Number of protein chains: 2
Amino acid sequence: MKTTQIGFIGTGVMGRSMAGHLLKAGYPLHVHNRTKSRAEGLLRQGAQWHDSPGSVAAVCDVVFTIVGFPDDVEQVYLGDKGIIANSQFGAILVDMTTSSPLLAKRIYEQAYRPGVSTLDAPVSGGDVGARDARLSIMVGGDQPAFEAVLPLFRLMGTNVVYQGPAGSGQHTKMANQIAIASCMLGVSEALAYATRAGLDPETVMQSIGNGAAASWTLSNLGPRMIKGDFAPGFYVKHFIKDMRIALESARAMGLDTPGLAQAEALYQKLAALGGGDDGTQALYQLYR
Amino acid sequence: MKTTQIGFIGTGVMGRSMAGHLLKAGYPLHVHNRTKSRAEGLLRQGAQWHDSPGSVAAVCDVVFTIVGFPDDVEQVYLGDKGIIANSQFGAILVDMTTSSPLLAKRIYEQAYRPGVSTLDAPVSGGDVGARDARLSIMVGGDQPAFEAVLPLFRLMGTNVVYQGPAGSGQHTKMANQIAIASCMLGVSEALAYATRAGLDPETVMQSIGNGAAASWTLSNLGPRMIKGDFAPGFYVKHFIKDMRIALESARAMGLDTPGLAQAEALYQKLAALGGGDDGTQALYQLYR
């Protein structure tokens, strides 16, 4: 049986770790990235460079992509030198970018005619989760394609869940970001309130950190807010991108999400003040 | 040495469990409640009934109160037949109602002249926490008074933290409620979005329940939202009370809390639709 050829397009902080796990497992890996220098670590480990997404797709059975914005996804998949136009019959294309559910459906439909399957499979867990192969991977698309790619997903993540037809992975990630968005406001406001009231926020955490107010955000980002550590775990500018996609998608479904709208407006304000490259916990600065 | 006489005013769902722990530990207990019938369980166990808060205070070394609204607290403490006017010199009065930090300071100041100490010590953990003596107790007031009452607090809670001068317990509880308020929006919107997008919300929970979107609200109230179980763990009407106190207190400190304001407005809407006696997870209904 012919060895599965794997493509990986997008070798930024997330992609290079994820692709590295595939390479270490022994798969021949074909890579492309807008900035070639960021693929060099993988090339040294034996990955083969290609000058375009289409050139990767032409020789691969499975192609993973994790790029920046929905516009990048659209170009990589649907452009002239893009993946779909150059894919082999029977190939499976997996977009792991956090992107638009509507775009994921469009890509799925356009790939169908040339006999190509697509999956939308955004992740959570950040750079640490990518490095440690402990990502949560939320997958939409046809179930047989999911089953075929599952062994590869398991090289990158510990929580791999099939969520439903094309777009369902992105919708799940949007639900994740919607839950986080308002929670970030709650934690910021709670700690700002505590500080303004003259309390010691670390002592307050002892009282409220493990009860009904408990959250990942409070436990993990609360202490950074208190310390004034706004270094990026997850960039404000990327969170804004995600919230905009979620808002657009919610509107398209006729769902009003005032908490999300409020959060997006506040993060916009933060970005306008120069905080786009800070971590999401920098929202706290708006309250000081 | 004379046995410590303990008073307990307010024997509702929370108070009767908390008072019961003191009684079981062997302390003589003097009780009063607006509705006498709700104290009968404690009376059968040996507590002594009094017709007014002042009558309780007149014979007690330590008096606990847990009543409904700040107006009730004010009347119980500062009214003619109230606790302060009738307390013994050296008594310690402990309000465990979730109430106004400003009122807590006022009570502290008015008690000071007759030689009485006060503590504000609101709790979290709900009726189950009260029953199992596993409450989180957040305490403000003078530290010596806190140290004196600590053995009694430990009969009612597992997480007892001194937060600072008078009002600090209430401020801490407000921080707790502020964190919860926006989180509740996030969880409601995330699950409403998921459902509207055609996903199975329980499968979505598998993807998002343990990562950066994780929260007590998502894990504990999310499943009830999905099932349409809006039975009260914590009443909407009481949550509105708490959010109003927090908003008032934040405004008094010049702190803008848009997430909290939004949450309070939505819960008001829910109450106006008849949801005041539902549990807080009923917010989800606004999104369906």
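Of the residues making up region B:162-201, those that are over 21 Å from B:Gln262 (Cα atoms), open to solvent by less than 10 Å² (accessible area, probe 1.4 Å) and more than 7 Å from every other protein chain (Cβ to nearest Cβ) number 3. Annotation note: Cβ proximity below 6 Å between a residue of region A:135-161 that is buried (at least 23 other Cβ atoms within 10 Å of the Cβ) and a residue that is in a helix (DSSP H, G or I) and charged (D, E, K, R) (sequence gap 6+ or interchain) occurs for A:Met138/A:Lys173.
When residues in region A:163-175 are screened for being under 16 Å from the mean Cα position of the chain (by Cα), in contact (Cβ under 8 Å) with a residue 12 or more places away in the chain and outside any loop (DSSP other than H, G, I, E, B), 8 of them pass.
Run down A:Ala181, A:Ala214, A:Ala190 and say which single residue is within 17 Å of B:Leu185 (Cβ to Cβ) and within 21 Å of the chain's Cα centre (by Cα). Give the steps one after another, and end with the answer.
Values: A:Ala214 fails: within 21 Å of the chain's Cα centre (by Cα); A:Ala190 fails: within 21 Å of the chain's Cα centre (by Cα).
A:Ala181 is the lone residue from the list that is within 17 Å of B:Leu185 (Cβ to Cβ) and within 21 Å of the chain's Cα centre (by Cα).
Scoring A:Phe69 on the criteria (1) farther than 28 Å from A:Tyr235 by Cα; (2) open to solvent by 10 Å² or more (accessible area, probe 1.4 Å) leaves a single failure, condition (1). Considering (1) closer than 14 Å to A:Lys105 by Cβ; (2) part of a strand (DSSP E or B), the lone condition that A:Ser136 does not fulfil carries the number (1). Flag not set for A:Val63, criterion: β-branched (Val, Ile, Thr) and part of a helix (DSSP H, G or I). When the residues of region A:272-283 are filtered to those that are among the aliphatic types (A, V, I, L, M) and touching a helix residue (DSSP H, G or I) at 6+ places or on another chain (Cβ under 6 Å), the one that is farthest from B:Leu266 (Cα to Cα) is A:Ala282. When A:Tyr235 is tested against (1) more than 25 Å from A:Pro101 (Cα to Cα); (2) away from chain B (no Cβ under 12 Å), exactly one condition is not met: (1).
Scanning region A:89-115 for residues that are under 21 Å from the mean Cα position of the chain (by Cα), of a type in the set (Gly, Ala, Ser) and part of a helix (DSSP H, G or I) yields a total of 1.
Of all residues in region A:201-226, those that are charged (D, E, K, R) have Cβ atoms under 6 Å from Cβ atoms of residues that are in a helix (DSSP H, G or I) and modelled with pLDDT of 95 or more, 6 or more apart or on another chain, in A:Arg224/A:Gln281.
Among the residues of region A:17-73, how many are among the polar types (S, T, N, Q) and touching a residue at least 40 places away in the same chain (Cβ under 8 Å)? Summing the residues that are among the polar types (S, T, N, Q) and touching a residue at least 40 places away in the same chain (Cβ under 8 Å) in region A:17-73 gives 2. Only one residue in A:Leu150, A:Leu155 is under 30 Å from A:Ile92 (Cα atoms), outside the structural domain of A:Pro232 (by TED's automatic domain parsing) and in a loop (DSSP other than H, G, I, E, B), so which one is that? Criteria check complete, one pass: A:Leu155. Determine whether region A:47-57 contains at least one residue that is among the aromatic types (Phe, Trp, Tyr) and open to solvent by less than 30 Å² (accessible area, probe 1.4 Å). For region A:47-57, residues among the aromatic types (Phe, Trp, Tyr) and open to solvent by less than 30 Å² (accessible area, probe 1.4 Å): absent.
Annotation: of all residues in region B:89-131 being open to solvent by less than 30 Å² (accessible area, probe 1.4 Å) and of a type in the set (Ser, Thr, Tyr), the one that is nearest to the other protein chains (Cβ to nearest Cβ) is B:Ser124.
Quick one: is A:Arg34 open to solvent by 20 Å² or more (accessible area, probe 1.4 Å), in a loop (DSSP other than H, G, I, E, B) and of a type in the set (Lys, Arg)? Yes, satisfied. Residue count for region A:76-88, restricted to those that are in a helix (DSSP H, G or I) and either surrounded by fewer than 16 Cβ atoms within 10 Å (Cβ to Cβ) or in contact with a Phe, Trp or Tyr (Cβ under 8 Å, 6 or more places away or on another chain) (or both): 2. At least 3 residues being at negative phi and among the small types (Gly, Ala, Ser) is the threshold, and among the helices (runs of 4 or more DSSP H) wholly inside region B:192-288 those reaching it are B:236-252, B:258-270. Please specify each residue of region B:242-265 satisfying the condition of being surrounded by fewer than 18 Cβ atoms within 10 Å (Cβ to Cβ) and either of a type in the set (Lys, Arg) or touching a residue at least 40 places away in the same chain (Cβ under 8 Å) (or both). Listed by number, the residues that qualify are B:Arg244, B:Glu248, B:Arg251, B:Ala252.
Within region B:147-165, not a single residue is closer than 28 Å to A:Gly169 by Cα and touching a Ser or Thr at 6+ places or on another chain (Cβ under 6 Å).
The values are calculated or read from the model by the stated rules, or taken from the named source; none is laboratory data. Note that the coordinates shown come from a computational prediction; the quantities given were computed from them, not determined experimentally. A quick note on method: Cβ atoms are made from the backbone with ideal geometry, for glycine too, and the neighbour counts reach across all protein chains shown. In case anyone asks, the SASA skips ligands and DNA or RNA and just uses the protein heavy atoms, side chains included. Shrake-Rupley method; radii C 1.70, N 1.55, O 1.52, S 1.80 Å.
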